[in-house]
Each structure stands twice: as C-alpha cells, then as structure tokens.
Amino acid sequence: MSIARISSLVALLALSAAAEPVADASELVKANDKALLAFLKTYKPEVKAQKDSLRSLVNNLFSFQEMGKRSLGKTWSTLSKADQDTFQSLFHKAVENTSIRRLERYKADSTRYSVSGVGEKTLVKATVFQGTDTSKVVYKMFQEKGKWIAWDLVIDESSSLNNYRDQFKTIIASKGFPAVISKLRAKAKD
C-alpha cells in the first residue's frame, strides 16, 4: 500500500470516528491504536501529509481543552476569557507536538483492552506488550456531543494531566501565569 494511500486511510478513519459516535469507549481506542500501528509501519516524519494524518489521530482521541482546563486547576477560573483562549490554543499545540514526537516511536506486538466505570469515570485500560516489556496505559474518558474523548492519559501510573498540573502549579507559584504562557509558546513552536 502506498504512503499516500495509508495517510488517506488514517485521515479517513479519524474523520469517520469523529463523525460517528462509538457506543463503547474501548472500541474508539482500539480503532485508533490499530490505525496508528498500521500507519507507523511506513511513517516518514518529513512527509507533511503523513505528519498531518498523525496529528488527526491525536486530535481525534483527546480533548486538549478539557485536559488544559483541568491542568490549571483553580487558576483556570481566575483567568480572563482572553487568557483562557490563549492558554488553550498554546496548550493544545504544545501537547499535540509532544504527543506526535512520542507516537513516532510507538511500537506494540499486541495490546489487551478492558473498560471500567461509567460517564466521566470511564477508564479504558490497555496492556501493551512489546517483546518482553509490558506497559499499562489508561485512557480517562468522557462523552462529549455523543463522542468518546480522553481527558487524561496515564502511562505506567504517570498521569499526563497530573504532570502538567504539577509543572504549571510550580511555575505559577514562582513566576506567575505569564511564565506558563511563555513556556507553552516555546513548546508550541517545536
């Protein structure tokens, strides 16, 4: 299968998953994971269309808006609408860039999935096997407009949301909220 065709297939899968609600959160995670693994077999980061397709897969599964809001904790409600919008835009781009760099190295021989909880407490747990290594990945999910979407990703007991929250809390305490924006601006450019 050609690189362009795989890129198109991944983009189509991401768009169709976004358009049709999935009754089971694990089905969305499985579909994205399957598409990602197939896509990465021929992925070339220097090909813009492929990078854009990878970006689509990331954007299809995560609510950067919810993760960003939660990562600021109590600070969120103290910000003006303009500051919230600036933060959301930069946070989305920075996390998206980081996620793409990490996904470019993702490999798995097999993955086992399970679901627990309901509503905002829905967890899709994935056990990822790569050679003799095993990783535990937990997607914390909720439904937004009939679509399952993740608001946190926990890899081997390390929460993305908590990591961002801890970083922002430290920066805000020592340098203020503008320093968070500066840091995100730098990461959003990567």
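Every number in this text was worked out from the coordinates using simple rules, so none of it is lab data. None of these values were measured; they are calculated from a predicted model. Every residue, glycine as well, gets a Cβ built from its backbone with ideal geometry; the counts of neighbours run over all protein chains shown.
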Shape category assigned to the range 34-130 from the gyration tensor of Cα positions, a/c cut at 1.5: oblate
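With a cut-off of at most 12 other beta carbons within 10 Å, and DSSP calling the residue loop, which GluC sites (Glu not before Pro) in the range 113-190 qualify? Please list them.
Passing both the DSSP loop test and the Cβ count: 157.
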Please identify the trypsin sites (Lys or Arg not before Pro) of the range 63-155 that satisfy two criteria: DSSP loop assignment and at most 15 other Cβ atoms within 10 Å. Which are they? 105, 107, 145
Using a Gaussian network model of the chain with C-alpha springs under 10 Å, which one of 58, 118, 95 is most mobile by mean-square fluctuation? 118
If amide hydrogens are placed 1.01 Å from N in the peptide plane, which non-local residues have theirs closer than 5 Å to the one on residue 148? 22
On a 0 to 90 degree scale, rounded to 10, what angle separates helix 160-175 from the longest Cα axis of the chain? 20 degrees
In vacuo Debye sum over C-alpha of the range 107-190, base-10 log of normalised intensity I(q)/I(0) at q = 0.13, 0.18, 0.20, 0.23 Å⁻¹, listed in q order, is -0.61, -0.90, -0.96, -1.02
Roughly how compact is the chain, stated as its Cα Rg over 2.2 N^0.38 Å to two decimals? 1.05
To the nearest 500 deg cm²/dmol, what mean residue ellipticity at 222 nm is calculated for the chain from DSSP H runs of n ≥ 4 alone, each contributing -39,500 (n - 2.57), summed and divided by the residues? -18500 deg cm²/dmol
